[in-house]
Amino acid sequence: MIKEWLEEYKPATQTDAEQALREIMQEIALAGLQRSGFFEKAAFYGGTALRIFQGLPRFSEDLDFSLLAANDEFSLEPYLRGIEAEFSALGVTVSVEEKNKTKETKVDSAFLKPDTTWKELVIKEIMPQESVKMRPAIKIKIEVDTRPPLDFTTEEKLLLKPFSFYVKCFTLPDLFAGKMHALLFRKWKGRVKGRDWFDMEWYIRKAVPLNLVHLGSRAYDSGDWPAPVISEANVMQLLDEKIDAVSFDNIKADVRPFIRDEKMMEIWSPGYFHDLIRKIKFVQRISFNEQWSMQQPLEYGRNIRLTFAKGNFQVRVHSATGQEYSWFVADDRNEFEIETGTIAGIMHPQISFKSVSGEMQVNVESP
């Protein structure tokens with residue numbers, strides 16, 4: 001099965017084959033985790049999630065997960081046996097070793113490594129001319145954030161191999177928030193991860209909105225931002241500064257091994273990215289049981305669109321000087337737009353929500 005699976009990628013080079021094998025291993029590992037009940041407690045996020053479930057046109061290396069709720073006692077160990085069993089069912093022997101976790105770290109991690117002979121045999125059958133270039137066995141890092149910043153939502157995504165199963169994943173606006181956090185605050189000691197920039201371009205080109213609430217939680221949790229709230233203006237300023245500080249030659253060099261068409265990067269330059277980030281869409285995705293208020297006033301004349309997943313609630317638009325307008329939203333209506341620029345007397349309005357029945361789930365975004 002694995003040989004046929006690899007052939008579907010039509011690898012032309014040794015690098016192509018190794019990247020494809022890595023992705024096959026990642027999907028087998030996801031199957032093992034799913035069988036062992038892992039996704040009852042955790043969700044998949046990061047570049048590999050974007051590659052496998054959203055078609056990101058670059059390969060990715062690691063498997064990144066977030067617990068659905070903080071748990072310092074969590075261990076990957078019970079689930080690693082499920083990964084080994086899944087590979088074994090396909091005739092492959094792998095070793096999965098959990099890294100010793102200290103009390104200070106909030107990440108539980110492990111390394112998955114296949115038998116080198118298996119990799120060599122598979123590639124030799126498909127591309128015998130490339131077999132002389134074999135490198136050491138592919139390794140995949142598996143990481144679980146055991147004390148994650150919350151304010152994210154998940155969805156079930158379907159995989160068809162090695163069997164049909166669902167994986168709990170971050171939704172796209174929250175994946176974008178995680179990627180933006182990595183791009184802005186990654187601590188690589190002078191190096192730059194070009195894949196962050198590749199992914200950001202993908203999100204913007206796909207018009208995926210960035211969840212500011214989750215980004216703020218992540219930045220505050222990592223100690224990179226002084227408050228759990230970050231504004232659109234803050235993000236744009238940080239991005240402009242980052243664009244002016246990085247080397248785009250280094251960015252392209254990091255991306256090159258993970259893509260097949262380098263022409264995708266010909267347009268990349270500081271000017272291009274300064275223009276590109278002006279097309280970012282922002283959303284504040286929130287869930288609440290009683291009431292919630294925006295932390296930042298809206299700019300004068302800025303319209304917003306509200307969408308909600310469930311619940312009945314009241315929306316209030318108000319200002320510090322006392323002017324107020326309100327709407328009641330019922331289940332039979334799932335989207336409406338507030339034209340704040342036409343509300344007399346409210347120069348910088350605040351938006352707040354109050355529950356009428358049950359849990360609310362609301363998106364606040366610029367139309």
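Is it the case that residue 71 is modelled with pLDDT of 80 or more, surrounded by fewer than 19 Cβ atoms within 10 Å (Cβ to Cβ) and among the polar types (S, T, N, Q)?
So residue 71 passes the test.
Against the condition in the same structural domain as residue 79 (by TED's automatic domain parsing) and exposed (fewer than 15 other Cβ atoms within 10 Å of the Cβ), how does residue 155 come out, does it pass? Taking the combined requirement at face value, the residue satisfies it. Among residues of segment 243-268 that are in a helix (DSSP H, G or I), those with a beta-carbon under 6 Å from a residue that is aliphatic (A, V, I, L, M) and surrounded by 15 or more Cβ atoms within 10 Å (Cβ to Cβ) at least six positions away or on a different chain give the pairs 250/192; 251/192; 252/265.
Of the residues making up segment 123-136, none is farther than 27 Å from residue 92 by Cβ and either at pLDDT below 90 or in contact with a strand residue (DSSP E or B) (Cβ under 7 Å, 6 or more places away or on another chain) (or both). For the condition at negative phi, at pLDDT 95 or above, out of contact with any strand residue (DSSP E or B) (no Cβ under 6 Å at 6 or more places or on another chain) and surrounded by fewer than 18 Cβ atoms within 10 Å (Cβ to Cβ), residue 240 qualifies.
Against the numbered list (1) surrounded by 20 or more Cβ atoms within 10 Å (Cβ to Cβ); (2) of a type outside the set (Ser, Thr, Tyr); (3) within 15 Å of the chain's Cα centre (by Cα), residue 54 comes up short only at (1). Scanning segment 197-214 for residues that are surrounded by 18 or more Cβ atoms within 10 Å (Cβ to Cβ), of a type outside the set (S, T, N, Q) and modelled with pLDDT under 95 yields a count of 6. For segment 96-107, the criterion of being in a strand (DSSP E or B), within 18 Å of the chain's Cα centre (by Cα) and free of Cβ contacts under 8 Å to residues at least 60 places away in the same chain is met by at least one residue.
Would you point out the residue of segment 214-233, among those that are of a type outside the set (A, V, I, L, M) and assigned to a loop (DSSP other than H, G, I, E, B), that is nearest to the chain's Cα centre (by Cα)?
My answer is 222.
The single condition from (1) under 16 Å from residue 6 (Cβ atoms); (2) at pLDDT below 80; (3) touching a helix residue (DSSP H, G or I) at 6+ places or on another chain (Cβ under 8 Å) that residue 59 fails is (2).
Before we move on, is residue 26 modelled with pLDDT under 90, surrounded by 21 or more Cβ atoms within 10 Å (Cβ to Cβ) and part of a helix (DSSP H, G or I)? When the stated conditions are applied, residue 26 does not pass them. Taking the criterion of being crowded, with 23+ Cβ neighbours inside 10 Å, under 22 Å from residue 241 (Cα atoms) and touching a Ser or Thr at 6+ places or on another chain (Cβ under 9 Å), the residues of segment 158-185 that qualify are 177, 178, 181. Got at least one residue in segment 189-198 being over 19 Å from residue 273 (Cβ atoms) and either in contact (Cβ under 8 Å) with a residue 12 or more places away in the chain or assigned to a helix (DSSP H, G or I) (or both)? The answer is no, given that none of the residues of segment 189-198 is over 19 Å from residue 273 (Cβ atoms) and either in contact (Cβ under 8 Å) with a residue 12 or more places away in the chain or assigned to a helix (DSSP H, G or I) (or both).
Restricting 36, 66, 75, 60 to those that are in the same structural domain as residue 150 (by TED's automatic domain parsing), more than 25 Å from residue 91 (Cβ to Cβ), of a type in the set (S, T, N, Q) and in contact with a Gly (Cβ under 6 Å, 6 or more places away or on another chain) reduces the list to 60.
Confirm whether residue 10 is under 17 Å from residue 259 (Cα atoms) and over 21 Å from the mean Cα position of the chain (by Cα). So residue 10 passes the test.
The values are calculated or read from the model by the stated rules, or taken from the named source; none is laboratory data. Keep in mind the model is a prediction, meaning the values are calculated, not measured. All Cβ positions, even for glycine, are placed from backbone atoms using ideal geometry, and neighbour counts span all protein chains on display.
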